[in-house]
Each structure stands twice: as C-alpha cells, then as structure tokens.
Amino acid sequence: MSKILWACWDGGGNLPPSLGIGRALRDRGHAVVFAGRPDMLGRTRAAGLLARELTQTYALLDKFSWHPLPRVFGYLGSPAVGEELVSVVREEAPDVVVIDAMFGAALDVAPQFNTPTAVVVHTFVRRMYDAWKGNLTRQSEGRAQSGFGRLSSIEELWGARDLVHANTLAVLDGAATTTLANLRHGAPVLLEETRAVAPQLPWPANDTTPLVLLSFSTVHEQRSPMMLQRALDALAKLPVRVVATTGDIVDPADLKAPANAAILRYASHDALMPRAAMILTHGGHGTAMRALRHGMPMVLTPALADDQPFVGAAVQEWGAGRALPKDPSADDIAAAVRTVLDDPGYRDAAKRMAPLLAGVDGANLAAAAIERLVPAASERSRKYAP
C-alpha cells in the first residue's frame, strides 16, 4: 500500500472532486491523507478519508489583512503554511504528494518534498491558461505586499512537477496550447458529497410546469444572498417551478421565497436534473459538466472564481446555454431564462454533448494518473489504466 498526501484547497468546487479522487485512490488500496485548513476536516472525514489540520493556516492572517479576501490569500499564499507542509511531508513520508492547482504556498515549497508530485486542476487549463497565470501572479504580488517572497512563474510552479492533471475532457478544453509538457486531461469528477440527498418537492411528480434549478457557489468567499434573491425575484415572474439550493453559506430563512419556489440548503443535483428543464447557475465547472451530462441547458452568471466566465463562454459557444455578465439585473436574468426555455435548440445542443460525459469516470482516471507516479504501483496502474 502506498501513501498519498493531498495538499488541499477546499474552496468552491475544489473539494468535492478532490474527495472523489481520494476515495478512488483509497479503493485502489492506497492510504490518502488530506492536509488543509480546519474548514475541510469535517467534509473530508465524512467522505471516509483521513484529514490532517494545518495548524499554521491563519498564522499570518494579520499580514494579509489588507487583502479583500484575507482568509483565502492568507492561507493559499502563506509562507508559514508552506513551511508546515514541508514538515508534514517529512513526517508522513508519502509516496506521492498531490497539490491543488491554486495552492501557491504548497506549490512554492514542492521542490523541497523530494517526492513525486502532481498538480490537480478541477477545470479548464488550455482555455484559461492566461487566467491561471494571472491567479498565481496575484498570489505572488499579495505575498510581496505582505512582506514575503514572490512565487515563481506557472511554468515552474506547475511545469516542473511530475504531472499536471486536468479534470476535464481534452476535447472541451479548447484548441489553445500551453507550455506545459506535463499536462494530461482526464474527465470531470462529478461524485456528490454525502450531504446531497434527493429532496421531497412540494409539487406532484407529474406536474408539467417547467422546473428551474437554481444553484450558485457554495464557498463563503463567493456568498451572495443578494444575487440569490435577485434570481428568485426574476424567476417569480415566469411560469416555472424553482428549486434553489444554498449550501452552508446562505440560510434559506434569509431569503424571501416566491410562491413558485422551494429553497433548500442541500439537494442532490443528480436527483433533480432529470426532472428539471434547465439550471440557473454561477458557472462552476463541476455544475456545468453535470448539467451537460444530463443534457440540460443553462443560464450562467459568474461570481468571483476565475474559471466561471470561461465556463459560461464555453457553454454559450457550444449552444447549450446563455452566458450573462456578473451581477445581471432581474430583468436580464428573466429574459435569458425565458429564451433558453422557449428555444429547444439549447436543450438539443446540451443533449448532443451528453454522450461525451456519459459513463466517463473522472475520479478513476485521475487516480490512475496519480498512481502511475508511485513506482511500486506500476502493476496496479496497468491494471486500472483506461
């Protein structure tokens, strides 16, 4: 049995696919330990995986207090977190280290691990390579403004690692090229967390009124009760039913539900999507790929994550939905939803794309790629290789 240490960033759509890959690695006989901030401990353990808290998570928070997202950048870019990770790698002695693509502090110290290392990306790479450069540059500049050393370039932080694995289909990642000779593509990892269950809806199962699924980001840094309320107000004007999921970041009691809407903290999107006519969403890669797998069209309006405008643009390029700018008006939201519902071409385009994602196991593809970095696992790697 080999040990995999996962240097984790739990923001947005990063943790669920990481946990899915972690479970796939565990099922292949490996010990998987997630190391990250305290926010990820409960969710990781609920997935049946080992979790280790990085005690220096917010040790330098005062140095990043000037930043609009101090708890994000005070973790992702913290030299104290990087130093602790070096010690954790020495203590755990893993056979492979996996690093989330956004985790600048971990990427910075990766050369000190002396261990095969993979960078895992949970969205597009080629479509948004310049945006990825920009993300890491902002982390670097934030470190410098906080009095610490800058990060290296993406060509070093990612390109010098043994593997950069993108959890998206290569055919969907655009035609642009990158300088990353170590880039490999798998497929979206669309496993749901245990807290996502099939909901009981207040309408009959045979109700023919179109059902709209409303789901925005579930990361606190992208929390926007205002946008959720604006979307609910927009959908109240339309002859639709609405199921809105808010996650942990917005209390349903803080929203005013129109007569045509049910507001839930959690619900299984896989259970809802076969019944839904479309989804109104922030454009997270995982949510968009899940919708396409179900052949469901979308209206997308980005929050803060760098990839969301690119996901929205791609979906619109494929004809499977409409992309709106950030903070659209209620009237603009209602108009876009009405357009997608009224024009069957959007659903037809989404259905044409569904076979690309049918039966593709992104978690096992990523696990196999990571496993190949373990010399002792070569036989198992060949057994599970697609």
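The values are calculated or read from the model by the stated rules, or taken from the named source; none is laboratory data. These numbers come from a predicted model, not from an experiment. Note: ideal-geometry Cβ built from the backbone for every residue, glycine included; neighbour counts use all protein chains shown.
What are the residues in the stretch 300-321 that are in a loop (DSSP other than H, G, I, E, B) and closer than 21 Å to Arg338 by Cα, if any? The answer is Thr301, Pro302, Trp318, Gly319, Ala320. Candidates Asp108, Asp130, Asp100: the one that is under 28 Å from Leu169 (Cα atoms) and surrounded by fewer than 20 Cβ atoms within 10 Å (Cβ to Cβ) is Asp130.
The set of residues from the stretch 286-311 being buried (at least 24 other Cβ atoms within 10 Å of the Cβ), under 22 Å from Leu15 (Cβ atoms) and either in contact with a Pro (Cβ under 6 Å, 6 or more places away or on another chain) or among the charged types (D, E, K, R) (or both) comprises Met289, Pro302, Asp307, Gln308.
Yes/no matrix, rows are residues, columns are (1) out of contact with any strand residue (DSSP E or B) (no Cβ under 9 Å at 6 or more places or on another chain); (2) closer than 24 Å to Ala369 by Cα; (3) modelled with pLDDT of 95 or more; (4) buried (at least 20 other Cβ atoms within 10 Å of the Cβ):
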site: Gln56; (1), (2), (3), (4): yes, no, yes, no
site: Ala59; (1), (2), (3), (4): yes, no, yes, no
site: Lys63; (1), (2), (3), (4): yes, no, yes, yes
site: Tyr75; (1), (2), (3), (4): no, no, yes, yes
site: Glu83; (1), (2), (3), (4): yes, no, yes, no
site: Val89; (1), (2), (3), (4): no, yes, yes, yes
site: Pro94; (1), (2), (3), (4): no, yes, yes, yes
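Results for (1) touching a Ser or Thr at 6+ places or on another chain (Cβ under 9 Å); (2) over 19 Å from Ser146 (Cα atoms); (3) hydroxyl-bearing (Ser, Thr, Tyr), shown as yes or no for each residue.
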{"position": "Thr57", "(1), (2), (3)": "yes, no, yes"}
{"position": "Leu60", "(1), (2), (3)": "yes, no, no"}
{"position": "Lys63", "(1), (2), (3)": "yes, no, no"}
{"position": "Val72", "(1), (2), (3)": "no, no, no"}
{"position": "Glu91", "(1), (2), (3)": "no, yes, no"}
{"position": "Gly104", "(1), (2), (3)": "yes, no, no"}
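Among the residues of the stretch 74-94, just one is under 18 Å from Ser140 (Cα atoms) and of a type in the set (S, T, N, Q), namely Ser78.
When Thr209 is tested against (1) part of a loop (DSSP other than H, G, I, E, B); (2) in contact with a Phe, Trp or Tyr (Cβ under 9 Å, 6 or more places away or on another chain); (3) farther than 18 Å from Ile279 by Cβ; (4) modelled with pLDDT of 95 or more, only condition (3) is not met.
When restricted to residues that are closer than 23 Å to Ala106 by Cβ and not in a strand (DSSP E or B), the stretch 155-187 contains 16.
The helices (runs of 4 or more DSSP H) falling completely within the stretch 70-152 that include 2 or more residues that are β-branched (Val, Ile, Thr) map to 79-92.
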